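The values are calculated or read from the model by the stated rules, or taken from the named source; none is laboratory data. Being a predicted model, the structure only gives us computed values, none of them experimental. Here the Cβ positions follow ideal geometry from the backbone for every residue, glycine too, while neighbour counts run over all protein chains shown.
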C-alpha cells in the first residue's frame, strides 16, 4: 500500500521544496498542525500592495505527501492572491471528494492523484495551503491594525 502511495514522483517533489526558510520580517505568519498525523507547516508571507504574494518562507515537518504538496505550492504561490490559493485548495478538496476529475491545473498537481483513495492523507496534503491562507489572513490583520 505505501509503495503505491509514495511514488518516485512524490518522493522527488518531497525533497525539492522551494522557499524553505523563515522570513526575517514577514507581513504575516501562521503555523498549522494536523490533528491526525502531527504534521506541521509554518508559512511566512510578504504581501505586495496589490495583495499578491511577494515572498514566501516555509518550515515543513510532514510526511512525503505533505512535503510534495508544499513543493507544488511553493513553486506556484509567488504572484498569487489568497483567493487563488483558496481556489486551488478547494479544487483539491473537490478532487478528493470525487467532485472533480483532476486535483488542479498547477504543475505537478497530477502527482497527488495517488492519494485520492487515502483519506487519512488528505489533511497532510491540504496543510501547506491552510498555513499559507492563515498567513495571508495574519498579514491582512496586521495591515488593518
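Does residue 132 count as surrounded by 22 or more Cβ atoms within 10 Å (Cβ to Cβ), touching a strand residue (DSSP E or B) at 6+ places or on another chain (Cβ under 7 Å) and either at positive phi or part of a helix (DSSP H, G or I) (or both)? Walk me through it before giving the result.
Numbers: surrounded by 22 or more Cβ atoms within 10 Å (Cβ to Cβ): yes; touching a strand residue (DSSP E or B) at 6+ places or on another chain (Cβ under 7 Å): yes; either at positive phi or part of a helix (DSSP H, G or I) (or both): yes.
So residue 132 fits the description; yes.
Give the residue, chosen from 84, 101, 94, 50, that is farther than 13 Å from residue 128 by Cα, free of Cβ contacts under 8 Å to residues at least 12 places away in the same chain, assigned to a loop (DSSP other than H, G, I, E, B) and out of contact with any helix residue (DSSP H, G or I) (no Cβ under 8 Å at 6 or more places or on another chain).
Numbers: 84 fails: assigned to a loop (DSSP other than H, G, I, E, B); 101 fails: out of contact with any helix residue (DSSP H, G or I) (no Cβ under 8 Å at 6 or more places or on another chain); 94 fails: assigned to a loop (DSSP other than H, G, I, E, B).
50 is the lone residue from the list that is farther than 13 Å from residue 128 by Cα, free of Cβ contacts under 8 Å to residues at least 12 places away in the same chain, assigned to a loop (DSSP other than H, G, I, E, B) and out of contact with any helix residue (DSSP H, G or I) (no Cβ under 8 Å at 6 or more places or on another chain).
Residue check: is residue 71 part of a helix (DSSP H, G or I) and crowded, with 21+ Cβ neighbours inside 10 Å? So residue 71 passes the test.
Which members of segment 53-65 meet the condition of being out of contact with any strand residue (DSSP E or B) (no Cβ under 7 Å at 6 or more places or on another chain) and either modelled with pLDDT of 95 or more or assigned to a helix (DSSP H, G or I) (or both)? Steps first, answer last, please.
Here is the first cut: in segment 53-65, the residues out of contact with any strand residue (DSSP E or B) (no Cβ under 7 Å at 6 or more places or on another chain) are 63-65.
Across segment 53-65, the qualifying residues are 64, 65.
The residue pairs whose first member lies in segment 105-117 and is on the phi > 0 side of the Ramachandran plot, whose second member is surrounded by fewer than 19 Cβ atoms within 10 Å (Cβ to Cβ) and part of a helix (DSSP H, G or I), and whose beta carbons are closer than 7 Å, counting only pairs six or more residues apart or on different chains, do not exist in this structure. Looking across segment 10-41, the residues that are over 15 Å from residue 73 (Cα atoms) and part of a loop (DSSP other than H, G, I, E, B) come down to 22, 23, 24, 25, 26, 27, 34, 35, 36, 37, 38, 39.
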